[in-house]
Amino acid sequence: MTANTLKRLTIEEFVAQYPENERLELVHGEVVPIRLCGGVHGGVKARVGTLLYGWADETRGAVGFSSGFVLARDPDTVRGPDVWFVRAERMRSSGVPEGFWEGAPDLAVEVVDFQNTELEMLGRVQDWLEGGTLLLWVVYPEREQIKVYGADGLVRTLEKGDTLESEAILPGFRCRVSEVFE
């Protein structure tokens with residue numbers, strides 16, 4: 001079978017065919033394995049999550065790690081950001097779903113690992129923004145930089161001395177970029 005004749009999976013087929021414990025994403029109907037991350041990646045991911053979790057509370061929304069978000073249908077795409085935030089007003093009365101989230105998080109955070117390629121990261125950025133993510137942080141531990149992508153198409157690169165904030169999406173959240181890398 002050639003790449004052009006492969007059957008693309010739906011989210012329902014993806015969930016039925018692959019065990020929960022496998023690290024996989026569904027990208028435009030195709031199963032993509034996710035590699036284990038390096039130590040620096042894991043530490044930065046934990047730091048960003050801790051900063052957001054310390055800010056968020058039940059009135060602001062939910063913060064988590066590596067959960068699946070349904071970004072597109074036909075072909076189906078399910079991605080899992082390193083860290084995510086969903087505002088309380090967007091959550092159903094039942095709270096955090098047992099399965100995948102329907103729709104994109106308000107904030108997705110991707111921490112670039114030594115194994116990631118620039119092309120791979122650009123694909124992830126495109127999927128998050130096209131899927132409806134309002135704010136995306138791509139964190140570069142090696143450079144100690146954060147690229148901030150907004151739904152408006154603007155991209156800003158923040159350095160260690162800059163402040164990471166977004167009053168519209170994360171009201172009251174502020175931290176120095178250097179805090180992410182401490």
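Given C-alpha coordinates of the range 91-172, what is the ratio Rg to Rh with the Kirkwood estimate of Rh?
Answer for the range 91-172: 0.99.
What ranking do ASP113, ASP162 get, fewest neighbouring Cβ atoms within 10 angstrom at the top?
Fewest-to-most Cβ neighbours within 10 Å comes out as ASP162, ASP113.
Rounding to the nearest 10 and keeping the result within 0 to 90°, find how far the Cα-based axis of helix 39-55 lies from the longest principal axis of the chain.
Helix 39-55 and the main axis of the chain meet at about 70 degrees.
What ³J(HN,Hα) values, in whole Hz, does the Karplus curve 6.51 cos²θ - 1.76 cosθ + 1.60 give for the range 72-88 when θ = phi - 60°, with x put for Gly and Pro?
Rounded to whole hertz, the list is 7, 10, 6, x, 7, 9, 10, 10, x, x, 4, 9, 9, 9, 10, 5, 4.
Straight-line reach from LYS147: which lysines fall under 22 Å, measuring Cα to Cα and dropping same-chain residues less than 8 apart?
LYS45, LYS160
Top mean-square fluctuation among ARG73, ARG23, ARG92, Gaussian network model of the chain, C-alpha springs under 10 Å?
Looking only at ARG73, ARG23, ARG92, the biggest GNM fluctuation is shown by ARG92.
Normalised by the residues of the range 36-180, what does the relative contact order come to in percent, with Cα pairs under 8 Å and at least six apart?
18 percent.
Report Rg/Rh for the range 67-128, rounded to two decimals, where Rg is the Cα radius of gyration and Rh the Kirkwood radius.
Result for the range 67-128 is an Rg/Rh of 1.00.
Give me the tail of P(r) for the range 36-180 as a percent: Cα-Cα pairs with distance above 25 Å.
Above the 25 Å cut-off, the range 36-180 has 21 percent of its Cα pairs.
What is the Cα centroid distance between the range 34-65 and the range 102-155, reported in whole angstrom?
14
If the only charges are +1 at each Lys and Arg Cβ and -1 at each Asp and Glu Cβ, what is the size of the charge dipole of the chain around the Cα centre, to the nearest 20 debye?
Once rounded to the nearest 20, the dipole reads 160 debye.
Of the residues LEU51, LEU154, LEU135, which exhibits the maximal mean-square fluctuation in a Gaussian network model of the chain defined by a 10 Å Cα contact cut-off?
LEU154
Coordinate-derived values only; no laboratory data. All of these numbers come straight from a predicted model, not from anything done at the bench. As a convention, Cβ positions derive from the backbone with ideal geometry for all residues, glycine included, and neighbour counts pool all protein chains shown.
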